[in-house]
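**Student:** What follows is a structure written as C-alpha cells; I'll ask about it next.
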Amino acid sequence: MQITLLSIMALGFFLGMRHATDPDHVIAVTTIVSRQRNVRHAALIGLLWGLGHTITIFVVGSAIILFGFVIPPRIGLTMELSVGLMLILLGILNLSGLTRWITETLTAMSPRHHTHSHEHVGWMDRTLGRMGFYQVVRPLAVGVVHGLAGSAAIALLVLTTIRVSVWAVLYLLVFGIGTVAGMMLITAAMAVPFKFSENRFARLHRGLGLASGLLSLVFGLFIVYQMGFVNGLFAHSPKWVPH
C-alpha cells in the first residue's frame, strides 16, 4: 500500500512538471519573462504562476472529488475562454509596451526598502520588493486563470484512476507542486536568452519580446475561436469535453 501511494505521488509530481510545459502555459509566462533581466526573478515568476495554478487546481479539483461537483458545459467553456482572453491581453500589453510602463509606475509608487534591512529578511522578500507589486500579482493571477481552465480535466482523470478520495486530493497537491517546480525551471531557462540578448544584441532582444507578444495574441485568438465558435459557447448548445 505504501509503495502504491509513493508511486502515485511520484507520478503526480512528474505529470505536474509535464503539465507546466503545455503551450498556453509557456506562451503566457514567456510574455512576462521577456521583460526580465534577472534569472532569479524569472524563476520567482514561475513560482508565483505555479502557486496560483495550484490553488485553483486544488480547490476546484477537491470540490469535484469530495462533493461530486459537476461543472456545466457553458461554465467549463467560459473558464477555458478566459485563458484565451488573458493571452490576448498579455500579448497586447507586451506589444504596446504598457507592461513596462505599469511595472515602472507601480514600482516607483511602492515604499523603498532601506539599505540597512535586517539580516533575517529572506531572499524572496527582497526579490518581491524589487520586482514591484504588479510583477508579483500578474503571474499569480495568470496561474489562477490557467488552474481554473484545467482543474476539471485533472480532477476527472484522477477520479478514474484513484478511488480513495483522500489519496486523490493528495495527488492534486503533489501534482500542483510538480507544476511549480516545472514552471520555475522553464522560466529560469527562458530568461537566459532574454538576458543575454539584452546586453549584446538590443535589436534581437526587442524582437524576442515582440515575438512573444505576437504569439500570445495569436494563440489567444485561436482559443477564443475554438471555445466560442467550434465548441459552441456562443451558440445554444455548447459542447465541452474537459481535456
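**Student:** Can you compute 3J(HN,Hα) from phi for each residue in the stretch 61-75, using the Karplus curve 6.51 cos²θ - 1.76 cosθ + 1.60 with θ = phi - 60°, rounded to whole Hz and x for Gly and Pro?
**Tutor:** Along the stretch 61-75, the couplings run x, 5, 4, 5, 6, 7, 10, x, 4, 10, 8, x, x, 5, 5 Hz.
**Student:** Each residue of the stretch 79-84 in order: what ³J(HN,Hα) in whole Hz does its phi give by Karplus 6.51 cos²θ - 1.76 cosθ + 1.60, θ = phi - 60°, with x for Gly and Pro?
**Tutor:** 5, 6, 4, 4, 5, x
**Student:** Show me the ranking of peptides 181-188, 10-17 by mean Cβ neighbours inside 10 Å, starting with the highest.
**Tutor:** Final packing ranking: 181-188, 10-17.
**Student:** Still on this structure, I have one more. Quick one, what does Rg over Rh come out to for the stretch 129-173 if you take C-alpha atoms and the Kirkwood Rh?
**Tutor:** Values: Rg = 15.2 Å, Rh = 12.4 Å.
We get a ratio of 1.22 for the stretch 129-173.
**Student:** For the stretch 48-60, in order, what is each residue's ³J(HN,Hα) by Karplus, 6.51 cos²θ - 1.76 cosθ + 1.60 with θ = phi - 60°, in whole Hz (x at glycine and Pro)?
**Tutor:** 5, 4, x, 5, x, 5, 5, 4, 6, 4, 5, 5, 5
**Student:** What's the ranking of 69-77, 27-35, 219-227 by average number of surrounding C-beta atoms within 10 Å, highest first?
**Tutor:** Sorting 69-77, 27-35, 219-227 by mean packing, highest first, produces 27-35, 219-227, 69-77.
Quick note: the coordinates plus some simple rules give every number you see, no bench work behind them. What you see is a predicted model; the values in this text were computed from it and never measured. Positions of Cβ are generated from backbone atoms using ideal geometry, with glycine treated the same way; all protein chains shown enter the neighbour counts.
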